[in-house]
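Novice: One structure coming up, written as structure tokens, with questions to follow.
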Amino acid sequence: MRTEKLDTIAIEMRNVHKAFGERKILKGMNIKVKKGETMVIVGPSGTGKSVSLKHLTGLLDPDEGECFIFDESISFCDEKKKKKLRSKLGVLFQSGALINWLTVYENVALPLREHKIADGEELDQIVMEKLKWLDLVPAKDTLPGNISGGMKKRVGLARALTSRPEIVMYDEPTSGLDPVMSNVINDLVIRMQKELGLTSIVVTHDMSSAYRIADRISFLYEGQVLFCGTSDDLQKSADPVIQQFIHGRTEGPMILDHSELKVSKSR
Amino acid sequence: MKTFYRENISPALYAVGFTVILLFRAFSQTHHVFFKRREILEQMFIAGIGSLFVVSIVSIFTGMIMGLNTGLGLRDFGAEGQIGLLLTITLTREMSPFMTSLILAASVGSAMAAEIGTMKVSEEIDALEVMSIDPVRYLVMPRVFGFSVMVPILCIYSSALGILGGAIVGHFQLGIDMMSYFQDVFYRISSIPGLKDLYTGIFKGYVFGLIIATVSCSQGLRTTGGAIGVGQTTRQAVVTSFLMVIFFGYVITAIFYK
């Protein structure tokens, strides 16, 4: 059963290239995430992690290559097909991306209301279930402007889960959070994989989170996947760029944020 | 030349195309009006009740200023009693739609562009798209519909207050009989040319409402670059709305009064 589950590829990026003007962000990005797996994408700022997520959600189309959700291409397709594929996705944005004039409850209910999936008692039941699951019931009538960053992320997660997705994508889920709240979010990611069997793709800079939640880690550098493997393999990697990044050293071969600055040992 | 085209002409053409398509897309979503009634009423409240105080003050004083100036000018010919007629024509046909639209573009239109621009840079628009919620249906259509209904109503309200302002000045400063002033006003409004002035003004209000809402939403949806981008968006939304209102104001007058 587990073998069959893991054999299915839920998410795939195949030789994806993307440039904004003169600046090339992705230079042949390849990634495969199996069903039920948690894949964490790490890498320095500006190497295309968030851009990769935008390709996988169909918000951007690649200049070359294609992205697949359960073997169906989400690149260059019409709105109808995108809508169908997006119904399998839930996305937690870095800031939560909550609608500011709607309360926590209304934000979570938004996809159900807009798609007329549920109404009245049924809608209330689904929304309250998600709010309870994420411990948000006391804040249900609060506006997003009056809640903490950690709570915003949990509301974003509750909203992402209301449409019962098969895949959840997280963009920097722990950025800007204290260590305790970061672990609350990490535990939620693990819980969702275990209890709901969700496939997850997590973009982060936070190595301790990555080690905690990842089944596999992809290290993205200069628009390409430099490494893909388990947390242990990543830590044992002999690649100097990887070693510099995971240990947070300022000196090494890594090119910082696409700037002209090259921090090298010789300096 | 190539650089000039790439940096100036091409983005301007893109902006025009984007805005026109956005307007058509908003029209194509009007079958959701009943479903979006709450949002539409909210937008009507923001445009109408939210700017009622400013519109009231500006309208009364415009009527007073126009009444005084034309009254003093006409007094030389002993025709100051005609200001009721003149104010009714000018306000209903031209000034009220123009004033109301400029006030709304500067106050509500700028806020609309900033709000949608902030949503764009904080990934809220992306979030809507990922949830397969069409931002045009969710954000643009209620604003465009709400504005296109509310601006004509505000135009009528503004005309009425302007005429009242003219009456106050006419009576207290120019010594015109209030009864004869309002008789002139009602005579003009109930005549065929007066009705034409009225529906031209209402039509202008409708078009200006569409322009302000569509331009503001279009600018907001094209925002890039964080807080600076939102600032630029707001400024451009107001400037573009002003220019479009003036341009289409002339075009509509030219069409209706050939």
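The values are calculated or read from the model by the stated rules, or taken from the named source; none is laboratory data. It should be emphasised that the depicted structure is a prediction, and the values quoted were computed from it without experimental measurement. Don't worry about glycine lacking a Cβ; one is built from the backbone with ideal geometry, like all the others, and counts go over all protein chains shown.
Novice: Kindly check whether there is at least one residue in the range B:69-77 that is farther than 17 Å from B:Ile168 by Cβ and not in a helix (DSSP H, G or I).
Specialist: Checked the range B:69-77: at least one residue is farther than 17 Å from B:Ile168 by Cβ and not in a helix (DSSP H, G or I).
Novice: Let me ask another. Taking helices (runs of 4 or more DSSP H) that do not extend beyond the range A:167-251, which have at least 2 residues that are of a type in the set (Gly, Ala, Ser) and closer than 25 Å to B:Glu123 by Cα?
Specialist: Once the helices (runs of 4 or more DSSP H) in the range A:167-251 are filtered for at least 2 residues that are of a type in the set (Gly, Ala, Ser) and closer than 25 Å to B:Glu123 by Cα, what remains is A:207-213.
Novice: Quickly run through the range A:36-72 and pick out the residues that are away from chain B (no Cβ under 14 Å), surrounded by 24 or more Cβ atoms within 10 Å (Cβ to Cβ) and of a type in the set (A, V, I, L, M, F, W, C).
Specialist: Within the range A:36-72, A:Val40, A:Ile41, A:Val42 meet the criteria.
Residues are listed down the side, and each one gets a yes or a no for (1) out of contact with any Pro (no Cβ under 8 Å at 6 or more places or on another chain); (2) of a type in the set (Ser, Thr, Tyr); (3) surrounded by fewer than 20 Cβ atoms within 10 Å (Cβ to Cβ); (4) touching a residue at least 60 places away in the same chain (Cβ under 8 Å):
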position	(1), (2), (3), (4)
B:Ile21	yes, no, yes, no
B:Arg37	yes, no, yes, no
B:Ser56	yes, yes, yes, yes
B:Phe61	yes, no, yes, yes
B:Gly71	yes, no, no, yes
B:Leu91	yes, no, no, yes
B:Met95	yes, no, no, yes
B:Phe98	yes, no, no, yes
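Novice: With the structure loaded, tell me whether B:Ile116 is part of a helix (DSSP H, G or I), within 12 Å of another protein chain (Cβ to nearest Cβ), farther than 18 Å from A:Leu92 by Cα and of a type in the set (A, V, I, L, M, F, W, C) or whether it fails that test.
Specialist: Yes, satisfied.
Novice: For the range B:79-96, state whether one or more residues are farther than 30 Å from A:Lys83 by Cα, more than 14 Å from chain A (Cβ to nearest Cβ) and not in a helix (DSSP H, G or I).
Specialist: Yes, some residue in the range B:79-96 is farther than 30 Å from A:Lys83 by Cα, more than 14 Å from chain A (Cβ to nearest Cβ) and not in a helix (DSSP H, G or I).
Novice: Now for a different question. When the residues of the range B:145-176 are filtered to those that are of a type in the set (Phe, Trp, Tyr) and surrounded by fewer than 22 Cβ atoms within 10 Å (Cβ to Cβ), which remaining residue is modelled with the highest pLDDT?
Specialist: B:Tyr157
Novice: Here's another thing I want to ask about it. Do the conditions hold for B:Ala105, that is, is it hydrophobic (A, V, I, L, M, F, W, C), surrounded by 17 or more Cβ atoms within 10 Å (Cβ to Cβ) and either touching a strand residue (DSSP E or B) at 6+ places or on another chain (Cβ under 6 Å) or not in a loop (DSSP other than H, G, I, E, B) (or both)?
Specialist: yes
Novice: Given the criterion in a loop (DSSP other than H, G, I, E, B) and at negative phi, identify the matching residue among B:Thr223, B:Thr200, B:Thr233.
Specialist: On the way: B:Thr200 fails: in a loop (DSSP other than H, G, I, E, B); B:Thr233 fails: in a loop (DSSP other than H, G, I, E, B).
Answer to the check: B:Thr223.
Novice: Can you tell me which residue in the range A:143-174 is farthest from the other protein chains (Cβ to nearest Cβ), limited to those that are buried (at least 18 other Cβ atoms within 10 Å of the Cβ) and of a type in the set (Lys, Arg)?
Specialist: Checking each candidate, the answer is A:Arg154.
Novice: Listed residues B:Ser122, B:Ser132; which is within 11 Å of another protein chain (Cβ to nearest Cβ) and at positive phi?
Specialist: That would be B:Ser132, the only listed residue that is within 11 Å of another protein chain (Cβ to nearest Cβ) and at positive phi.
Novice: Looking for whichever is at the interface with another protein chain (Cβ under 9 Å from one of its Cβ atoms) and touching an Asp or Glu at 6+ places or on another chain (Cβ under 7 Å) here; the options are A:Ser75, A:Ser95. Which one fits?
Specialist: Details: A:Ser75 fails: at the interface with another protein chain (Cβ under 9 Å from one of its Cβ atoms).
The unique qualifying residue is A:Ser95.
Novice: Could you say which residue among A:Val137, A:Val155, A:Val104 is of a type in the set (A, V, I, L, M) and in contact with a Ser or Thr (Cβ under 7 Å, 6 or more places away or on another chain)?
Specialist: Numbers: A:Val137 fails: in contact with a Ser or Thr (Cβ under 7 Å, 6 or more places away or on another chain); A:Val155 fails: in contact with a Ser or Thr (Cβ under 7 Å, 6 or more places away or on another chain).
Of A:Val137, A:Val155, A:Val104, the one residue that is of a type in the set (A, V, I, L, M) and in contact with a Ser or Thr (Cβ under 7 Å, 6 or more places away or on another chain) is A:Val104.
Novice: If B:Ile211 passes every condition in (1) in a helix (DSSP H, G or I); (2) free of Cβ contacts under 8 Å to residues at least 12 places away in the same chain; (3) of a type in the set (A, V, I, L, M) but one, which one does it miss?
Specialist: (2)
Novice: Specify which of the listed residues (A:Gly65, A:Gly36, A:Gly58) is on the phi > 0 side of the Ramachandran plot, in a strand (DSSP E or B) and either within 14 Å of the chain's Cα centre (by Cα) or in contact (Cβ under 8 Å) with a residue 40 or more places away in the chain (or both).
Specialist: Being on the phi > 0 side of the Ramachandran plot, in a strand (DSSP E or B) and either within 14 Å of the chain's Cα centre (by Cα) or in contact (Cβ under 8 Å) with a residue 40 or more places away in the chain (or both) holds for just one of A:Gly65, A:Gly36, A:Gly58, which is A:Gly65.
Novice: Got a number for residues in the range A:199-232 being over 13 Å from the mean Cα position of the chain (by Cα), hydrophobic (A, V, I, L, M, F, W, C) and buried (at least 22 other Cβ atoms within 10 Å of the Cβ)?
Specialist: Summing the residues that are over 13 Å from the mean Cα position of the chain (by Cα), hydrophobic (A, V, I, L, M, F, W, C) and buried (at least 22 other Cβ atoms within 10 Å of the Cβ) in the range A:199-232 gives 2.
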